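Novice: One structure follows; several queries about it will come next.
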Amino acid sequence: MNKSMIKKIISSAIASALMVAPLTAKDVEKAPTNAKDFAQFMVKKHGFTQDYVEQALAKAEKRESILKAMSRPAEGKDWYEYRPIFLTDKRIKQGAEFWAEHQETLARAEEEFQVPAEVIVAIIGVETYYGRIQGTFPVIDAISTLAFHYPKRGKFFASELEQYFVLAREQGWILDHHKGSYAGAMGMGQFIPSSYRHYAVDFDGDNKINLFNNPVDAIGSVANYFHQHKWKLDEPVAEFLPDLDKSIAKKFRIEKLKPKYTVETLTQAGVKLQSGATDKDNVGVYPFKQENSVDNWVGYHNFYVITRYNRSSMYAMAVHQLSQEIKQKYQNMKVTAANKQSESAE
C-alpha cells in the first residue's frame, strides 16, 4: 500500500472519530439546515449579528470531496484490512517516544482523570499520528458542507456548526483559520466542536485551550473525555476467546456496541474468562473478521467507553491493541535506557 493511499485511509478514520456529540436529540433538532434560517437562528439564540453569520457562510466553500469522503469511511473495511492501518511498527515506536517525551504530563493525566497513559497515547496515535496528520479542510467548510448539503446527517452537523460559531467566539478564533478532518474534527485528539466545548481542558494552566499544537492540553482533554464517559482504571478492556463455540458467540454477540450481558451469564454458558472481572460486570462478544475466519473477543465496560470516542468496535479494538503494544515498547525502552546507564556507570 503506497503512502498516498495510507494517508487517505487515515483521513477517513480520523473523520469518523467523535461522532457522538454531548447534545440531546432535542438540541440537534433546533439547528436549521439551510444558511438563511441558520443565520437567523444564531442571531436569536446566541446574539450574533446576521451580517457576520451570513458573510462567514458565504465565504465557506461547499466541497464535493467532503460529501464523497463521507461515503467511504475506513470502518467499512473488514478487521484484517483495518488493523494493519494502525498497528504498525512505526506507529508503535513513535507512540512510545511520544510517551517518553510527555511522561510527566501523562502521569499527571492518569492520576487526575484515572485513565491509563497508554490509552491516551493510543488515541492520539490513531487519530492524528501524534499530531502529525490533523486534516486539511477548513473546519467551517467541512461542517457547513455537511450541515447544508448532506441531508442524511444534516441536523447533526447543523448543531455542530452552531457549536463551532460559539466555540470560535469563546476562543477568539477567526472562523476560517482552523483546519481539520472532512467531518470537522479538530486538533491532536480530533474533537468536533461540541466535544471541544464540553471536554477540552486547559491542562497546562496558561488560560488557553489549544488542542492543535499543545500536546499538554491534548493529553488532558483526551483523558477528560474518557473520564467523563466513566472509564474504570485498572479494569479490563477486552479478552480474546480463541476457542469460543460458534453458537455461544452468536448468542452473546453485540450488534449495537453497548455490552448487555453479564460475566455471570457468560460463565454459566461455559465461557471461561481470565480477566478477573466481577460476575455483575457487563460484557458482550464482538466478532472481528479475518480473511478466512472470525476472531471473537469479549468486550468489557472500558471497551464500550472507547466506542464513545468513535462508534466502531474495530476502532475500539485498534486503540486497545495499539495501547498494549505502545505500553510494552515504552517499558522496553525504559529497561534498555536503565541498562545503558548502569553499564556507563561501571
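The values are calculated or read from the model by the stated rules, or taken from the named source; none is laboratory data. Nothing here was measured: the structure is a model prediction, and the numbers come from that model. Because the Cβ atoms are built from the backbone with ideal geometry, glycine has one as well, and the counts that use them run over all protein chains shown. SASA here: full protein model, heavy atoms, side chains in, ligands and nucleic acids out. Shrake-Rupley method; radii C 1.70, N 1.55, O 1.52, S 1.80 Å.
Novice: Among the residues of the stretch 98-140, write down those that are part of a helix (DSSP H, G or I) and surrounded by fewer than 20 Cβ atoms within 10 Å (Cβ to Cβ).
Specialist: Scanning the stretch 98-140 gives A100, E101, Q103, E104, A107, R108, E110, E111, E112.
Novice: Looking at the stretch 35-49, which of its residues are open to solvent by less than 80 Å² (accessible area, probe 1.4 Å), under 20 Å from E170 (Cβ atoms) and not small (G, A, S)?
Specialist: F38, F41, M42, V43, H46, F48
Novice: Give the stretch 297-311 a look and list any residue that's under 13 Å from L257 (Cβ atoms), open to solvent by less than 10 Å² (accessible area, probe 1.4 Å) and touching a Leu at 6+ places or on another chain (Cβ under 8 Å), or say none.
Specialist: Listed by number, the residues that qualify are T307, Y309, N310.
Novice: Just wondering, is there one or more residues in the stretch 288-306 that are under 19 Å from the mean Cα position of the chain (by Cα) and among the hydroxyl-bearing types (S, T, Y)?
Specialist: Scanning the stretch 288-306, I find at least one residue that is under 19 Å from the mean Cα position of the chain (by Cα) and among the hydroxyl-bearing types (S, T, Y), so the answer is yes.
Novice: Of the residues I209, I174, I219, only one is buried (at least 20 other Cβ atoms within 10 Å of the Cβ), in a loop (DSSP other than H, G, I, E, B) and of a type in the set (V, I, T); which?
Specialist: Step by step, each of I209, I174, I219 is checked, and only I209 is buried (at least 20 other Cβ atoms within 10 Å of the Cβ), in a loop (DSSP other than H, G, I, E, B) and of a type in the set (V, I, T).
Novice: Condition first: open to solvent by 70 Å² or more (accessible area, probe 1.4 Å), under 21 Å from P84 (Cα atoms) and not in a loop (DSSP other than H, G, I, E, B). Now tell me which residues in the stretch 274-296 satisfy that.
Specialist: Result: K289, V294.
Novice: In the stretch 59-94, which residue that is open to solvent by 50 Å² or more (accessible area, probe 1.4 Å), touching a residue at least 12 places away in the same chain (Cβ under 8 Å) and among the hydroxyl-bearing types (S, T, Y) is nearest to D141 (Cα to Cα)?
Specialist: Here the residue is S65.
Novice: Among the candidates K246, K256, single out the residue that is open to solvent by 10 Å² or more (accessible area, probe 1.4 Å), free of Cβ contacts under 8 Å to residues at least 24 places away in the same chain and under 20 Å from A318 (Cβ atoms).
Specialist: Result of the check over K246, K256: K256.
Novice: Among the residues of the stretch 141-171, which ones are open to solvent by 10 Å² or more (accessible area, probe 1.4 Å), assigned to a helix (DSSP H, G or I) and among the aromatic types (F, W, Y)?
Specialist: Result: F148, F156.
Novice: Just wondering, is there one or more residues in the stretch 134-154 that are modelled with pLDDT of 95 or more, within 18 Å of the chain's Cα centre (by Cα), farther than 22 Å from N210 by Cα and not small (G, A, S)?
Specialist: no
Novice: Step by step: first the residues of the stretch 237-269, then only those that are in contact with a helix residue (DSSP H, G or I) (Cβ under 7 Å, 6 or more places away or on another chain) and of a type outside the set (A, V, I, L, M), then the one that is farthest from N302 (Cα to Cα). Which residue is that?
Specialist: Only one residue fits best here, namely F252.
Novice: Would you check which residues across the stretch 297-327 are farther than 22 Å from Y80 by Cβ and in a helix (DSSP H, G or I) and list them?
Specialist: H301, N302, Y304, V305, K327
Novice: Quick check on this structure: which one of V271, V237 is crowded, with 17+ Cβ neighbours inside 10 Å and over 30 Å from G125 (Cβ atoms)?
Specialist: V271
Novice: Which one is nearest to A117 (Cα to Cα), of the residues in the stretch 223-273 that are part of a strand (DSSP E or B) and touching a Phe, Trp or Tyr at 6+ places or on another chain (Cβ under 8 Å)?
Specialist: Restricting to residues being part of a strand (DSSP E or B) and touching a Phe, Trp or Tyr at 6+ places or on another chain (Cβ under 8 Å), the top hit is A238.
Novice: Further question: Which pairs have Cβ atoms under 6 Å, sit 6 or more apart or on different chains, and link a residue in the stretch 209-234 that is of a type in the set (D, E) to one that is modelled with pLDDT under 95?
Specialist: Filtered contacts from the stretch 209-234: no entries.
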